[in-house]
Amino acid sequence: MSKYPTVSVCMIVKNEEENLPRALASIKNVADEVIVVDTGSKDRTVEIAKTFGAKVFYFDWCDDFSAARNESLKHATKDYILWLDGDDEFQSNHPGELKKMLKMHRGKAFHFLIQLLFENRRDEYYQIRMFPRRKDIFFEGRVHEQPNFSLRRANVPTLATQLRILHHGYSSPNAIVP
């Protein structure tokens, strides 16, 4: 029986001192390493990341989310990338389910159910949030960045899961900038 694949959690952050403790606490049982790329925080974000044992790197913001996310990928060393925002919260009822899924479906990328939390409602959609760490898999798109195109070019199959991420970033649907 082979070992479980390892997981690098990769995040880009800026001024997330209120949200970051929740995000980092939510992945403590799944992350083998945490990579945090700070894009110019003026609050305690970096200090908080370090207290959770994250490896912190700095990136000068250039108005391109893919560039920042790809910087985080450069520092990852584990088998899989799980990418999160500073205001995300990984949800799992069974701490070992993610590692078991990775072992059973090696080499695949995984869609998670993303739940956007608003004042009195929840919007949901699926999004690829985990994929194998490979040089030919990276983020594309200045805004609303995704690894989807590189995954297709690399012929990496995808699998929808029931794993969830809560996104706490929007106080109302009107706060989403198209």
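The values are calculated or read from the model by the stated rules, or taken from the named source; none is laboratory data. Remember, it's a predicted structure, so these values are computed and weren't measured experimentally. Here the Cβ positions follow ideal geometry from the backbone for every residue, glycine too, while neighbour counts run over all protein chains shown. Just so you know, the surface numbers come from the protein's heavy atoms only, side chains and all, with ligands and any DNA or RNA stripped out. Shrake-Rupley method; radii C 1.70, N 1.55, O 1.52, S 1.80 Å.
Some notes on this structure:
- The coefficient of translational diffusion for the stretch 2-53, derived via Stokes-Einstein from the alpha carbon Kirkwood radius under 10 °C and 1.306 mPa s, stands at 138 µm²/s.
- Two-site label geometry, H75 and H144: point separation in nm, points 7 Å out along Cα→Cβ: 2.8 nm
- Most to least packed among 23-34, 119-130, 6-17 [average Cβ atoms within 10 Å]: 6-17, 23-34, 119-130
- Here the Karplus curve 6.51 cos²θ - 1.76 cosθ + 1.60, taken at θ = phi - 60°, turns the phi angles of the stretch 29-34 into couplings of 8, 10, 8, 8, 7, 10 Hz, with x standing for Gly and Pro.
- Rounded accessible area per residue of the chain, 1.4 Å, Å²: 53 Å²
- Here the calculated FRET efficiency for R122 and A154, from their Cβ-Cβ distance with R0 = 45 Å, stands at 0.85, rounded to the nearest 0.05.
- A straight chain from R44 to K103 at 0.36 nm per residue would run longer than the Cα-Cα distance by 17.6 nm.
- The stretch 7-39 versus the stretch 104-130: alpha-carbon centroid distance in Å: 17 Å
- Each peptide in 68-74, 138-144 gets a packing score, the mean of other Cβ atoms within 10 Å over its residues, and the list from highest to lowest is 68-74, 138-144.
- For the chain, the share of accessible area belonging to carbon and sulfur comes to 50 percent (1.4 Å probe, ligands and nucleic acids excluded).
- Here, the stretch 71-118 has an Rg and a Dmax of 12.6, 35 Å when only alpha carbons are counted.
- Number of Lys-Lys pairs in the chain with C-alpha atoms under 18 Å apart and a separation of 8 or more places or on different chains: 25.
- Based on the Kirkwood approach, the hydrodynamic radius assigned to the chain is 16.5 Å, with every pair of different Cα atoms included.
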